[in-house]
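I have placed the structure first, in the form of structure tokens, so that the comments after it can refer back to it.
Rule-based calculations on the coordinates, nothing more; no lab input. Since this is a predicted model, take the numbers as computed values, not measurements. Cβ: placed from backbone, ideal geometry, glycine included. Neighbour counts: every protein chain shown.
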Amino acid sequence: MSKGTQIAVGASVIALLLGWILVTNSGGTVSFAYFQDLSSFQASAVDQIGRATRVHGYVVKGSIERDLQAMQVEFRVQNDPPHAGAPVGQTLKVSYGSLDTPDLFKDGAEVVLEGVLLSAGPDGVYHADKVMAKCPSKFEAADTTKAASL
Amino acid sequence: MSDLGALALRFALPVALLGIVAGAFAGVKRRDDWTQVAERAIWIVGLFVAIAMVSLAVAFANCDFELRYVANNSSRDMALPYRLAAVWGGQAGSLLLWLFIMMIYACACVAFQGRHNRTLMPWVTVVLLANATFFLVLLTFVTEPFEKLPPSHVLSDGTGLNPLLQHPVMLIHPIMLYLGLVGFVIPFAFAFAALVTGELGSQWFRVTRRWTLIPWLFLSVGIVLGGRWAYEVLGWGGYWAWDPVENASFMPWLPATAYLHSVMIQEKRGMLRTWNLLLIGLTYTVCLFGTFLTRSGIVQSVHAFAQTPVFQTVFLSYVLLTLFIFVAALVMRRGKLKSPNRIESMLSREASFLLNNWVFIAILLAIMCGTLFPVFTEALTDQRIAVGPSFFNLIIPPLALFLLFLTGIGPLIAWRRASRTMLRRQFTAPVAMGLVVGIGSWLWVRERLGSIDIGEVYGLLTWGLSAFVITTIFQEYWRAIRARVRKGDENPFQALGTLLRKHQQRYGGYVVHLGVVCAMIGFAGSILNQERLENVKPGSEIELAEYRLRYLTADALPAQHFGGAKVRLALYRNDAPVAVMTPEKRMYWLQDQPASIPSIYSTLTEDFYVILTALERDGSATLKLYYNPLVNWIWIGIVVFVVGTAIVMWPHPSTVSHPDAT
């Protein structure tokens, strides 16, 4: 058996397997876009109604309400990290249909929301299927850049 | 003490450079005295690096917060074992650990292989010292572990280690993983030395096979320990999420495993010489590349350290240079690598091993593409698009199933060409067993779940194929033992002992396969996973599968460097009380970071896993429950796997001497 045939046989086996995967999963969603910032999201809010999106923002302090009866969490997000004295700016109301919030989810936390905007405007509600929170204190981040530039 | 460490690293660098020159000179001029100089350079660099490692550990033990690295990764309230684990909790320390482990391997290599491989040794030392030099440069000029804070910045306490890393597994998981990743430098060095000297006979790969098994074993254990840590600490109910850093640890395992199989073809039939060298080169560069990915922050990951442009550029150049030099050497020697033999039939062991190699490489490529996808899309479209676990869960299982199938087939079909009667004799029982288990579990799962979709088909195929493979393994043992017992005066146990001693590679290999099959059975258990989120008041209950959970009380945790609450839950299985579970919600004060500590009730058939998502203001608890069947078989699998690898590597008096003989 020649080397060419060997390679052809191996390649066709793998191609068949991959082809089968694609055929059985056409229409599946395996990839996703990274998030948009809240301000750019809101700038084009009307176009985004009803579409699956990812939005990045910060939890407005004191806005978290856990509704134990309805098993959901409501909160607002703002575009910039909350500092004392800094204006909150335009916020977006978020309704998350689960009590399953991540550990790092709290007032002021940096969050990425995955879900659908139901309506635009000041009363608009973002319906989140998933809430991901990031650790606010990346102490090493600031530090090694400094070390590298020395 | 920390000055001593910094000094040791500074001294090590010129010694390493001198060693490279000595080794290269010895290689070109075939001067053994200069090889000995290079070997001594390895010992000296090893000693200096060990001094640096110890002095960093002492700085952590003594809470020497004058050092920026110690202040950023440790704090006084942490127990001593965790302060020591914090040595490799950040960038600089993990690079030093990498270098330290590499020097242990290098010294061991000089001590154990030096006598037998005088022609290869000069170039082996050059490769080892060149790699050490790179890390020494990084540690002295880019990320210094011994860098001091300006006196005005020195605080009385450090900022502490990330609480998620404060777990017993974290004391050994990084070391295991590094013993794995770093250890591939030895086979790489031998392969490169073989290419440079043109000594491409059986010598290099006999040495290399053994030295590949060692890091491969550590890497396997390290990967599984990482999964265990994720399962017990990260609190999302699973053990593997296709996170870039997990992928980075898994990627080198694939070409290494492929190599361990295909090298057998080279041993028996003298084929695949170029391919085997390529696999070794690939394994080590993928190790480096994975380290680069996760340590440079180029791909977002929970584990990634900060991005620094200098570090990225330097490290990526190093990875590419390593790959380039190796491939260049391979191309120059291609004339000497031609094999006299060819594959004669697709129904042969060679063919099945070759297919196995193809699938391993396909899995490697799939994982690499998935991990780097955001980097590609950003370069092409300015938008980072990531693929989630669903991508990997789509591509990998069918390939893994095919590998599982080959695991059963490969060892049973003959070299060169299999005959039909042989096939019937070998496969009747295993195929029957596979069908019985496959169809049986299909009926059982259908009754349990109502319907079956593609993910569940993967699980059922896994169980069917596992039964097939396990039967082949026991059939092999049974036939070999029976043959020995019939032939002479051995009883079955003696016969088993003889097999494991005299044919350790083959019969140990079967045990390794058995371990992998156990783990696969465990992975497939996920098709029956169930989860439930509930908010409960004290005294009320939640049901999931055959379990019932009653919320008893909530208590405050005794205050220490973390505070928080734990709830006590009574667990019933089919109405019989089985355990009291106590998931915790902790708050690490220093880092202002909360963490959920799950509580797990574990049996051979399933795990019942509870997370305290939140303790609400009204005293009710929001609990997340997971019912995870067969997870324990993954941990059992790795134990079996280690036993199998130990059988393969066990130095019997009859085999120890063979490197000399060739």
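As an exercise, identify the trypsin sites (Lys or Arg not before Pro) in the range B:21-125 lying in DSSP coil whose Cβ has no more than 14 other Cβ atoms within 10 Å.
Details: sites: B:K29, B:R30, B:R31, B:R40, B:R68, B:R76, B:R83, B:R115, B:R118; in loops: B:R30, B:R31, B:R76, B:R115, B:R118.
The qualifying sites are B:R30, B:R31, B:R76, B:R115, B:R118.
Quick check: Cα centre of the range B:403-429 to Cα centre of the range B:87-164, how many Å?
That distance is 47 Å.
For every other residue with a beta carbon closer than 14 angstrom to the beta carbon of B:S262, add +1 if it is Lys or Arg and -1 if Asp or Glu, then tell me the sum. Before the final figure, lay out the partial values.
Details: positive: B:R209, B:K268, B:R269, B:R273, B:R349; negative: B:E267, B:E350.
Cβ neighbours under 14 Å give a net charge of +3.
Between the range B:69-83 and the range B:313-335, what is the C-alpha centre distance in whole Å?
Here the two parts' Cα centres lie 40 Å apart.
Where in chain B are the helices, taken as whole DSSP H runs, whose Cα atoms extend 30 angstrom or more along the long axis and whose Kyte-Doolittle mean reaches at least -1.0?
B:2-29, B:32-61, B:91-113, B:203-229, B:273-296, B:309-332, B:349-381, B:420-449, B:454-487
Beyond 27 Å between alpha-carbons counts as too far, so tell me which of A:K61/B:K148; A:K106/B:K148; A:K61/A:K130 fall in that bin. List each step's numbers first, then the result.
On the way: A:K61/B:K148 38 Å; A:K106/B:K148 35 Å; A:K61/A:K130 20 Å.
Beyond 27 Å: A:K61/B:K148; A:K106/B:K148.
Going by Cα centres, the range A:48-66 and the range B:271-293 are how many Å apart?
Taking the Cα centre of each part, the range A:48-66 and the range B:271-293 sit 45 Å apart.
Divide by every residue of the protein assembly as shown the summed helix terms, -39500 (n - 2.57) for each DSSP H run of at least 4, and state the resulting mean residue ellipticity at 222 nm, rounded to the nearest 500 deg cm²/dmol.
Details: 26 runs with 456 residues, N = 812.
Taken over the protein assembly as shown, the calculation gives -19000 deg cm²/dmol.
Taking neighbour counts of Cβ atoms within 10 Å as a proxy for exposure, in what order, fewest first, do B:T125, B:T553 appear? Walk me through the intermediate numbers first.
Values: B:T125 32, B:T553 12.
Listing B:T125, B:T553 from fewest to most nearby Cβ atoms yields B:T553, B:T125.
Counting other C-beta atoms within 10 Å, and keeping those with at most 11, which DSSP coil trypsin sites (Lys or Arg not before Pro) do you find in the range B:318-354?
Working: sites: B:R333, B:R334, B:K336, B:K338, B:R342, B:R349; in loops: B:R333, B:K338, B:R342.
Those that pass, being in a loop and sparsely packed, are B:K338.
B:L499: net charge of surrounding residues, Cβ under 9 Å, Lys/Arg +1, Asp/Glu -1, itself excluded? Spell out each step's value before the answer.
Numbers: positive: B:R484, B:R501, B:K502, B:R506; negative: none.
Every neighbour counted, the sum reads +4.
Counting alpha carbon pairs within less than 8 Å and at least 6 residues apart, what relative contact order, in whole percent, applies to chain B?
Computed over chain B, the figure is 10 percent.
Below 13 angstrom from the Cβ of B:M346, what's the summed charge of the other residues (Lys, Arg +1; Asp, Glu -1)?
Working: positive: B:R342, B:R349, B:R416, B:R417; negative: B:E344, B:E350.
Taking every other residue near B:M346 into account, the sum is +2.
Given the convex hull of the Cα atoms of the range B:171-297, what is a quarter of its surface area in nm²?
Details: hull surface 32.4 nm².
Across all orientations, the range B:171-297 yields a mean hull projection of 8.1 nm².
To the nearest 0.05, how large is the calculated FRET efficiency for B:L449 and B:L4 if R₀ is 51 Å and r is the Cβ-Cβ distance? Write down the numbers at each step before the final one.
Numbers: r = 63 Å, r/R0 = 1.24.
FRET efficiency, B:L449 to B:L4: 0.20.
For a footprinting-style exposure proxy, rank B:C369, B:C287 by other Cβ within 10 Å, fewest first.
On the way: B:C369 13, B:C287 29.
By the 10 Å Cβ count, ascending: B:C369, B:C287.
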